[in-house]
Amino acid sequence: MIRASHAERSPSVRRRLMVTVYISVLFLWLLTGWLSYTRAQQEAEELMDGHLAQVAHLLLAVVQDNEQNIAPLAERLASVRGSPDNVYEPALDFQIGVADGTLLARSRDAPRLPILGAAGYSDILRGEEAWRLLNLSSDDGRYRVQVSQAIGLRDRAALEVAGQTVLPLALVLPALLLFIYVSIRRGLRPLDTLAQAVSARSPDNLEPLVDVAVPAEVRPLVAELNTLFGRVAQVLESERRFTADAAHELRTPLAALKVQAQVAMLSSQAPMRQKALQQILGGVDRADRLVEQLLRLARLDPQRRLEHADPVELAPMIREVVALAATGHATADDAVQLDLPAEGCTVRGDAELLGIAVRNLVDNALRYAGKQGLVRLVVEPNEDRFDLWVYDSGPGVPDAELAGLGQRFFRGRDQLEEGSGLGLAIVQRIVELHGARLLLANRPEGGFQAGIVGLPS
Amino acid sequence: MKILLVEDDELLGDGIRAGLMLASFAVDWVRRGDLALAALADHDYHACVLDLGLPGKDGITVLQQLRRSGNPLPVLVLTARGQREDKVRGLDSGADDYMTKPFELEELMARLRALLRRSSGMASPVIRHGDIELDPASRRVRRAGEEVSLSGREYAVLLDFLTHPQHIRSRSQLEDSLYAWGEGAGSNTVEVYIHHLRKKLGPGIIVTQRGRGYRLGEPRT
């Protein structure tokens with residue numbers, strides 16, 4: 001079951017859509033979150049650096065005018081602590097000194113670092129603690145100030161800021177995922193409805209789907225389904241007709257056999273009984289031929305192309321078939337005139353099937369040409385292919401019935417000749433399998449012609 | 001009793017004709033619908049066995065044309081497709097009965113006898129004329145309870161008179177009813193059969209109407 005495994009390998013559209021959308025949404029969400037987070041962290045760092053700078057400038061300004069009172073001022077300044085609970089008010093530590101590095105004042109927790117370093121920001125690791133420092137000197141160069149913040153505290157604040165930025169995103173995520181899920185389900189619901197409409201059908205309901213509301217994208221599928229339904233219905237109908245026709249065609253010979261057998265039983269006279277028994281034998285032969293033809297058609301029908309295509313030498317095959325056909329008809333031995341190419345003609349095909357096709361055409365021609373009639377069989381090359389024509393001098397076929405020839409069980413309105421109406425249908429199938437065409441026509445000069453045109457060489 | 005058989009299948013037609021002839025029917029057999037209409041126009045039949053699928057003109061058309069011409073001939077239709085619509089179409093087109101192929105020959109004959117009995121307006125399957133009794137089913141004839149042995153043709157002549165009790169039948173009418181096409185009637189064969197019937201069933205059974213033909217005699221008790 002190739003189809004089943006193929007179906008198993010291709011997951012449902014819904015599942016595929018959901019997985020794809022979820023993965024891309026999550027990826028984009030993570031990227032956005034990470035970018036917002038890092039951006040927020042950077043902004044927080046810059047804000048706090050700005051804060052450091054402001055404090056440094058403020059301290060320098062205070063020192064400049066109050067050198068004498070610097071010690072008690074430093075004490076007071078150092079006691080100004082941030083609120084320990086509020087990460088946005090981190091403790092500020094500082095050292096104030098003069099140009100040669102002598103300290104004038106310092107806050108209690110400030111790291112003991114030389115204040116002579118280059119002006120500007122720097123990160124210092126001292127023991128277990130990391131510090132963010134800003135060194136500044138006054139405009140006249142007499143005083144220096146060093147402001148410091150513990151990096152741990154700064155990071156906490158930055159994290160808090162970044163976290164607060166990302167939090168709404170995180171809250172929105174489940175809603176987003178739910179929204180996607182519902183949208184996809186709703187969007188694909190028409191497919192479910194369609195599937196239900198199709199699966200709820202009984203096998204014999206091959207009416208087109210009309211009452212199913214489908215989106216524009218699915219409409220071509222529904223149209224294709226409807227076309228398929230139509231074709232299947234046609235095939236079923238022709239099969240049904242074929243079965244009915246076959247039953248009808250078998251019933252008549254069976255009825256005849258039965259009646260003849262009853263005549264044989266009822267009759268008290270030997271000649272009459274003898275004749276009825278003879279008729280029964282003939283009838284059994286006829287029914288046998290009919291069954292054989294039906295089986296042949298049944299075997300040919302499912303084939304899409306030939307099972308065996310071998311080179312077939314037409315000339316000897318035709319001679320053999322024609323000789324056989326002529327013995328079956330009460331005609332002169334030379335009733336069939338052959339006109340075959342001298343250089344020989346080899347076609348690709350199934351010798352047995354081609355023989356059956358030629359036999360049926362020759363049989364028909366002999367039967368309708370009548371006792372005094374003439375039949376001519378011509379093979380002529382046609383580009384790289386061969387055409388085979390069978391001409392007869394019979395009455396031809398009424399124009400109205402030409403189209404029906406080749407259909408199964410078709411028999412002419414005025415037809416009394418024994419026949420099942422399957423012969424030409426079989427020829428038609430064989431010709432199709434060989435990639436050729438069957439042409440049937442009345443000849444303008446009288447008589448009938450049947451041609452197998454375009455046998456591959 | 002003369003039957004027109006319309007059946008295109010050679011083997012089946014031949015069998016039905018042989019069977020009907022065994023039952024002392026005279027059978028004309030045609031294989032085309034148009035020929036059936038021609039035969040019906042030219043000859044008198046007691047009944048018709050009609051196949052529906054025919055070359056020339058199909059059975060339904062034959063039936064419709066026959067009824068349109070006002071011919072009340074009993075018609076038994078044979079269909080190969082035992083489908084309801086075919087039967088309904090056949091009966092609605094004017095058939096009196098139908099049978100589906102394949103069928104029993106004896107049933108076909110029984111149905112034909114029933115059709116003939118109904119068309120002649122007789123209620124009882126056994127025809128009585130005085131002390132003479134004729135049973136079409138068994139083709140037995142009794143006179144005063146005694147079985148009388150008749151040949152097929154003698155039986156056919158007697159049946160013809162018994163089903164037309166008021167009619168004067170000319171010799172050519174009797175011959176037409178006795179013989180199918182191609183069965184040569186000798187110059188005085190009808191007289192011979194009537195002579196035999198008078199010998200076996202009593203001289204008064206058939207009365208000669210000089211110059212006009214024969215008719216059934218008065219019933220004797």
Do we find that A:GLY349 is among the small types (Gly, Ala, Ser) and out of contact with any His (no Cβ under 7 Å at 6 or more places or on another chain) in this structure? no
Can you say whether B:ARG212 is farther than 21 Å from B:ARG142 by Cβ, open to solvent by less than 70 Å² (accessible area, probe 1.4 Å) and touching a residue at least 24 places away in the same chain (Cβ under 8 Å), as far as the supplied structure shows? no
Test: residue in the stretch A:248-256 that is in contact (Cβ under 8 Å) with a residue 40 or more places away in the chain, more than 12 Å from chain B (Cβ to nearest Cβ) and not acidic (Asp, Glu): no
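Residue by residue, here is whether (1) open to solvent by 20 Å² or more (accessible area, probe 1.4 Å); (2) more than 26 Å from B:GLU104 (Cβ to Cβ); (3) aliphatic (A, V, I, L, M) holds:
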| position | (1), (2), (3) |
| --- | --- |
| B:ALA26 | no, no, yes |
| B:TRP29 | yes, no, no |
| B:ALA47 | no, no, yes |
| B:ASP58 | yes, no, no |
| B:ARG67 | yes, yes, no |
Going through (1) closer than 22 Å to B:LEU20 by Cα; (2) of a type in the set (S, T, N, Q); (3) surrounded by fewer than 18 Cβ atoms within 10 Å (Cβ to Cβ) one by one, B:THR79 fails only at (3)
Answer yes if at least one residue in the stretch B:36-50 is hydroxyl-bearing (Ser, Thr, Tyr) and away from every other protein chain (no Cβ under 14 Å), and no otherwise. yes
Counting only residues that are free of Cβ contacts under 8 Å to residues at least 60 places away in the same chain, under 21 Å from B:GLY94 (Cα atoms) and of a type in the set (D, E, K, R), give me the strands (runs of 3 or more DSSP E) lying completely in the stretch B:1-72 with at least 1 of them. B:47-51
I'd like to know if the stretch A:220-228 contains one or more residues that are part of a helix (DSSP H, G or I), open to solvent by 80 Å² or more (accessible area, probe 1.4 Å), modelled with pLDDT of 85 or more and within 11 Å of chain B (Cβ to nearest Cβ). no
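Results for (1) of a type in the set (S, T, N, Q); (2) exposed (fewer than 13 other Cβ atoms within 10 Å of the Cβ); (3) within 56 Å of the chain's Cα centre (by Cα), shown as yes or no for each residue.
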| position | (1), (2), (3) |
| --- | --- |
| A:LEU250 | no, no, yes |
| A:ALA255 | no, no, yes |
| A:GLN262 | yes, no, no |
| A:GLN274 | yes, yes, no |
| A:GLY283 | no, no, yes |
| A:LEU295 | no, yes, yes |
| A:ALA298 | no, yes, yes |
| A:LEU306 | no, no, yes |
| A:ARG319 | no, no, yes |
Scan B:GLY13, B:GLY19 and give me the residue that is modelled with pLDDT of 90 or more, under 18 Å from the mean Cα position of the chain (by Cα), within 13 Å of chain A (Cβ to nearest Cβ) and within 24 Å of A:GLY421 (Cα to Cα). B:GLY13
Please pick out the residue among B:ALA156, B:ALA137 that is within 21 Å of B:LEU73 (Cα to Cα), open to solvent by 40 Å² or more (accessible area, probe 1.4 Å) and touching a helix residue (DSSP H, G or I) at 6+ places or on another chain (Cβ under 9 Å). B:ALA137
Residues of the stretch A:120-167 being surrounded by fewer than 18 Cβ atoms within 10 Å (Cβ to Cβ), in contact with a strand residue (DSSP E or B) (Cβ under 7 Å, 6 or more places away or on another chain), closer than 16 Å to A:GLN54 by Cβ and touching a residue at least 24 places away in the same chain (Cβ under 8 Å), which ones? A:TYR121
Quick check, is A:ARG348 open to solvent by 80 Å² or more (accessible area, probe 1.4 Å) and in contact (Cβ under 8 Å) with a residue 24 or more places away in the chain? yes
Is there a residue being farther than 25 Å from A:ILE426 by Cα, facing another protein chain (nearest Cβ under 10 Å) and in contact with a helix residue (DSSP H, G or I) (Cβ under 8 Å, 6 or more places away or on another chain) anywhere in the stretch A:338-350? no
Of residues in the stretch B:22-32 being of a type outside the set (S, T, N, Q) and either touching a strand residue (DSSP E or B) at 6+ places or on another chain (Cβ under 6 Å) or under 16 Å from A:MET272 (Cα atoms) (or both), the one nearest to the other protein chains (Cβ to nearest Cβ): B:LEU22
Let me confirm something: among B:GLU191, B:GLU147, B:GLU183, which residue is over 19 Å from B:ALA26 (Cβ atoms), open to solvent by 50 Å² or more (accessible area, probe 1.4 Å) and not assigned by TED's automatic domain parsing to the domain that holds B:SER24? B:GLU147
All but one of (1) in contact (Cβ under 8 Å) with a residue 60 or more places away in the chain; (2) in the same structural domain as A:TYR368 (by TED's automatic domain parsing) hold for A:LEU294, so report the exception by its number. (2)
Inspect the stretch A:381-393 for any residue being at pLDDT below 85 and either open to solvent by less than 20 Å² (accessible area, probe 1.4 Å) or under 30 Å from B:VAL30 (Cβ atoms) (or both) and give the result as yes or no. no
In the stretch B:101-140, residues that are in contact (Cβ under 8 Å) with a residue 60 or more places away in the chain, of a type outside the set (Lys, Arg) and under 27 Å from B:LYS200 (Cα atoms) total 6
Would you be able to say whether some residue in the stretch A:177-195 is over 21 Å from the mean Cα position of the chain (by Cα), free of Cβ contacts under 8 Å to residues at least 60 places away in the same chain and within 14 Å of chain B (Cβ to nearest Cβ)? no
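The values are calculated or read from the model by the stated rules, or taken from the named source; none is laboratory data. Here the structure is a predicted model, which is why all the values come from computation and not from measurement. Cβ: placed from backbone, ideal geometry, glycine included. Neighbour counts: every protein chain shown. Each accessible area value is taken on the protein alone, full model and side chains, heavy atoms only, with ligands, DNA and RNA left out. Shrake-Rupley method; radii C 1.70, N 1.55, O 1.52, S 1.80 Å.
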